Each structure stands twice: as structure tokens, then as C-alpha cells.
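Accompanying notes for the structure given below.
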Amino acid sequence: MRMRSFWSELLTAAASHPFPLVPGDVVSLYELPRYDDVGDDDDDLFPNVPAAPGMPCMGEDRSIYRRGARRWRKLYRVNGHIFQAKRFNRRAFCAFCQDRIWGLGRQGFKCIQCKLLVHKKCHKLVQKPCSSEHVDPIEVKDETNGEGTLPRASSVRSRADPEPPLPDTPPAPPAAPAVRSEDLEPGSQRQYSLDDFELIRVIGRGSYAKVLMVELRRTKRVYAMKVIKKALVTDDEDIDWVQTEKHVFETASNHPFLVGLHSCFQTPSRLFFVIEFVRGGDLMFHMQRQRRLPEEHARFYAAEISLALHFLHSHGIIYRDLKLDNVLLDHEGHIKLTDYGMCKEGVRPGDTTSTFCGTPNYIAPEILRGEEYGFSVDWWALGVLTYEMLAGRSPFDIAQAADNPDQNTEDYLFQVILEKTIRIPRSLSVKAASVLKGFLNKSAAERLGCGENAFLDILHHPFFKTIDWEMLEQKQVVPPFKPRLESERDLANFPPEFTDEPVHLTPDNDTVIADIDQSEFEGFEYVNPLLMSLEDCV
Ligand code: C58
């Protein structure tokens, strides 16, 4: 288990920056992983064969395959301060112009070290140097999202002690009702709670969430349940992320290759997404057994994934976290993408964004270069994933570097992604090599799927010549592999990493809950009317 301090690394790096950082300079860096990050290095080439299919190879550490995605954020360095964009929904005053910081969006900047608050528009003008430049930012990073240590700013959020409304502040937008009745069918306006579910076991874990296999007691149906601690998402940026995830779920419920949402509910400490359960495990697990896939199989998965990505893109959503772990197989062997926690929504053709996020091995060069990017990053990730299926290893494999600690870092991996010419195994067909080169073009503009003809170029690529896209979208093409499932609960296809994990959720901690602004989560409850009526049929 590794917990590297990217904060301390950044600060050292920033301090020794060859060019002095000037006001307004942007420094991109990691946000600390919220949960322990698994894995040590990206070496996934094993020279020997396993004792039996499915067994690890000698020296193989399974945990290295599953690395969580992270969100990165921009920091702005001015006069020793390291500012981060924030949204304030409470009284906060600008240390520069003394006016109240108020408005929609991330209108304020807060120094992550000394907690100074300023308007975004004033941050470049701040004369006052940072008062605590040498404080270890890891210490301050995890503090509550209060409005800092300025005398006039209130910093404690408490439900029991609501602040009186300010006379001269613009009215806050009306709070969403706790139950969105427009989302419910008449007669099905029932909310779920934790008591309705039996927690069976832990099946996954990411930087922000834990995923459980659960059973709805009333119907005995099995679901996946994504659990997020509210304390981890009270960061302003992250609130938007929870809403985005829910919207994407609502959109995704209409597509055969995307997991759909059953319901959402909350407790004082946590948010719960109840997701339709996909039983055949993920492509990572499947790949670990197969080593590499025949082209015919890889073609089928890549094609179904392409349709799922295109559907998201046509709804203005960048997926941003395509990887083997997020490609699930259903009982017939069709794919379904899961985890919309990294999605960006509201993107129109030609629009771009710049948040640094994703899983290291799959991050597109344009993100690493700090450029604005669009849907292109998903086609890059599909290139990496297709390469992994066909070659049985990552295109950025740094196996030979495993012993050299300098070449074992994420920075080194990023350098490889940016600079190294990707070698395509000679054993692959000309068409396969061509589709990989197409997706793995380091220039987003020239990448397959990103040109003027966009998706048409993928549909018509020689590698996909044998695919009947319409039949495929209707699930009329028989998958190349059917997961072996003995029973509804068969655990044979599930990754073994989590077997020993206790399924229970730790009891709520009152001091943690006191710091959560529950109003941020109003209206989170949701019941999918379609799934509800299905359930009523049982
Ligand atoms: C699978 N990689 S959302 C386990 N992890 C997850 N499975 C599912 N959804 C999610 N049916 C995850 C993770 C998410 C965010 C944090 C990281 C993990 C899921 C959704 C629907 C099944 C799983 C491997 C796996 C697949 C199937 C069964 C068991 C394990």
C-alpha cells in the first residue's frame, strides 16, 4: 500500500521551478487520494506462466492492476499563497476588496495554506504574503470546508444552529424537495433506505467510493451499491460531481451498454447509489485469465464500448474513466460501462474542459500537457484498453524499469505517455495495428474518432469492417465469451481482492456529521420508475 505525498512533491517542485511563478500562474497537481491507493508500479509483464489458469504468475501482484482514478485540481500561486477555486454559500469576505464573496459558481479563491479568502477577480492583486507558507499542506488539506480563519467568516456548519438569513444577500435558489415526485410513477412514490438492503460483500473500491453487492430484501434481487462518504464530497467542486453522476445515471439508464440506476438515498453520513447488478465480472478480471484476447473478441468489446462512448458523447458527456475495471460483462457476455464519478457533462461538440482527472495509465497526452480537451480523451483511453486486450499488456509498459525507482513513478509514466513512440506487437494484423495507431495518436486533432467525420471514421474503420453496428446496438450479435455463472450469486467471476473485507459500514461519527452541510444533499433521493414497476411485477 502506498501513500505518496503529491502535495509535498509539488511544493518542492514549485519551489525549485526554473522560472519564477508569476501571479496567475497555474500549477496542476494531484489531489490526495481519498482512500488508500492500491498498487505500486505499472509492471504488468510476467515472463512465466501461472500454475493454473487464473492463478497469479510468479511475482505478480494483482493489486497493481486496479488503480483508482483521481481528480486533479488547479492551484494558483500568488505571493506565496496557493489558491484554489471555491464556492461559498455562506458569509465570506474578500481580504483584498473587503466586499462579500457571493454568487453562483466558484467565485472565490481560498489559500490552501493560510486560508485567506479573496474574490477570483482579486486574487492576482493580493499584496499580503501567505502567513503560513511552510505549513505542511497535508495537515490543512483535510480540514472542513469552513470559510477559514478570517475574523468575520463563520466556519462551523451545523444543522442545529442555522445562521440567520442575511438581509442584503440575494435569495438562495429554492432547495429541491426531498422527494422528486416528478421522477416517480404514480403509486410508486416509495423511498428506499439502508434497512431495505442486506449487505452481502465488498466488490470494489475507488478513491472516493466503496462498492458493495447487496440484496433488496423484499424482492431478493441483487444490486451493486456505491457508497460515498459525504465528508469526502463537501468540497465545492465535488458537490457538482455527485449531481453529475446522478444525471449521467439517469441518461445511461436508457442504453444497453451502460449500467442503470435503481435508486438513490442517503444517511446523515453517506450517499448511496443503487445500481443494476452486472454479474459477469469486469474485463480486467477476464483479461487476467486470458492473458490476451483473439482479435475477434477484442473487436466485439471495442465496438460495444464505442457505441456506449458515442451515446454518452452525443448526450454531452465525457466519460473520462474508461479502463478494464469499468467494463463489466453481463451474463450473456455483453459489456456495460460502470462508474460515472469522473464524467463531465454539458459538453457540446467542439467544447473543451481542462480538469486533470483519470487513471494514470489511461490519461490522454492532451490532459498531461495541461491543454483544453474534449471527447478525444475517451477515444485515447479506448486505444489503451484495446491495446491491452490485444497485446496482453499496457502500451506504456515500463516492465524493464521496475527495478529502477526513478522510472517507477507516475511522472515517469506520464513522460512515457507523452513522448514514447508506441510499439505495436508484430503479431497483430494490419487492421488491428491501424486502429490502435488511430486511437493512440498523441495529437487529439488527428486521433481516430476526433476528426471532422468523428464517429463515422470509427464505424468505417477496416478493423470494424465485419461489425454490423445496428445489430450490435440491439444486442443481436452473440458475444464471443459467455461468463460461466453457476447461480445468480456466483462469485466465481469476481476479483478476489476484497474477499476478506468486512461488508459493514462504520457507525456514524457525530463530530464528522456536525461538519456536514446537509442542505448540499437535499433532493438526492431518487427511485427509477422503470425499475420500480419491474419490481412490482415480481
Ligand atoms: C468491478 N470492477 S462503480 C468492481 N467495482 C465496481 N463495480 C461496479 N460499479 C462500480 N454491477 C465499481 C467501482 C465503482 C467506483 C469505485 C471503484 C469500483 C458494478 C456495477 C454494477 C456490478 C459491479 C468488478 C466486479 C464486477 C462485477 C461484480 C463484482 C466485481
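The values are calculated or read from the model by the stated rules, or taken from the named source; none is laboratory data. Note that the coordinates shown come from a computational prediction; the quantities given were computed from them, not determined experimentally. Reconstructed Cβ throughout: ideal geometry from the backbone, glycine too, with neighbour counts over all protein chains shown.
Confirm whether residue 219 is over 17 Å from the mean Cα position of the chain (by Cα), at pLDDT 95 or above and surrounded by fewer than 19 Cβ atoms within 10 Å (Cβ to Cβ).
Numbers: over 17 Å from the mean Cα position of the chain (by Cα): yes; at pLDDT 95 or above: no; surrounded by fewer than 19 Cβ atoms within 10 Å (Cβ to Cβ): yes.
Judged against the criteria, residue 219 is not a match.
Kindly indicate which of 216, 199, 212 is touching a Leu at 6+ places or on another chain (Cβ under 6 Å) and away from the ligand (no atom under 13 Å from the Cβ). Walk me through it before giving the result.
Working: 216 fails: touching a Leu at 6+ places or on another chain (Cβ under 6 Å); 212 fails: away from the ligand (no atom under 13 Å from the Cβ).
Among 216, 199, 212, only 199 is touching a Leu at 6+ places or on another chain (Cβ under 6 Å) and away from the ligand (no atom under 13 Å from the Cβ).
Where residues in the range 271-294 are crowded, with 18+ Cβ neighbours inside 10 Å and not hydrophobic (A, V, I, L, M, F, W, C), which of them is modelled with the lowest pLDDT?
Among them, the one singled out is 288.
Answer yes or no: is there a residue in the range 424-433 that is over 18 Å from residue 301 (Cβ atoms), at pLDDT 95 or above and either assigned to a helix (DSSP H, G or I) or under 23 Å from the mean Cα position of the chain (by Cα) (or both).
Within the range 424-433, one or more residues are over 18 Å from residue 301 (Cβ atoms), at pLDDT 95 or above and either assigned to a helix (DSSP H, G or I) or under 23 Å from the mean Cα position of the chain (by Cα) (or both).
Report whether or not residue 378 is touching a residue at least 60 places away in the same chain (Cβ under 8 Å), within 14 Å of the ligand (Cβ to nearest atom) and among the acidic types (Asp, Glu). It would help to see each step written out before you state the result.
Numbers: touching a residue at least 60 places away in the same chain (Cβ under 8 Å): yes; within 14 Å of the ligand (Cβ to nearest atom): no; among the acidic types (Asp, Glu): yes.
No.
Six or more apart or on different chains, Cβ under 6 Å: which pairs go from a residue in the range 433-455 that's more than 19 Å from residue 371 (Cα to Cα) to one that's aromatic (Phe, Trp, Tyr)? Could you list them?
Once the first residue is more than 19 Å from residue 371 (Cα to Cα) and sits in the range 433-455, its partners that are aromatic (Phe, Trp, Tyr) give 435/463; 436/387.
Just one of (1) among the hydrophobic types (A, V, I, L, M, F, W, C); (2) touching a residue at least 24 places away in the same chain (Cβ under 8 Å); (3) more than 14 Å from the ligand (Cβ to nearest atom) trips up residue 367, so point out which.
Checking residue 367 against (1) among the hydrophobic types (A, V, I, L, M, F, W, C); (2) touching a residue at least 24 places away in the same chain (Cβ under 8 Å); (3) more than 14 Å from the ligand (Cβ to nearest atom), the one that fails is (2).
Exactly one condition in (1) touching a strand residue (DSSP E or B) at 6+ places or on another chain (Cβ under 9 Å); (2) away from the ligand (no atom under 14 Å from the Cβ); (3) closer than 30 Å to residue 523 by Cβ is not met by residue 246; state its number.
The failed condition is (2).
Kindly establish whether residue 344 is of a type outside the set (A, V, I, L, M, F, W, C), surrounded by 18 or more Cβ atoms within 10 Å (Cβ to Cβ), closer than 27 Å to residue 242 by Cα and touching a Leu at 6+ places or on another chain (Cβ under 8 Å). Write out each step before concluding.
Values: of a type outside the set (A, V, I, L, M, F, W, C): yes; surrounded by 18 or more Cβ atoms within 10 Å (Cβ to Cβ): yes; closer than 27 Å to residue 242 by Cα: yes; touching a Leu at 6+ places or on another chain (Cβ under 8 Å): no.
So residue 344 does not fit the description; no.
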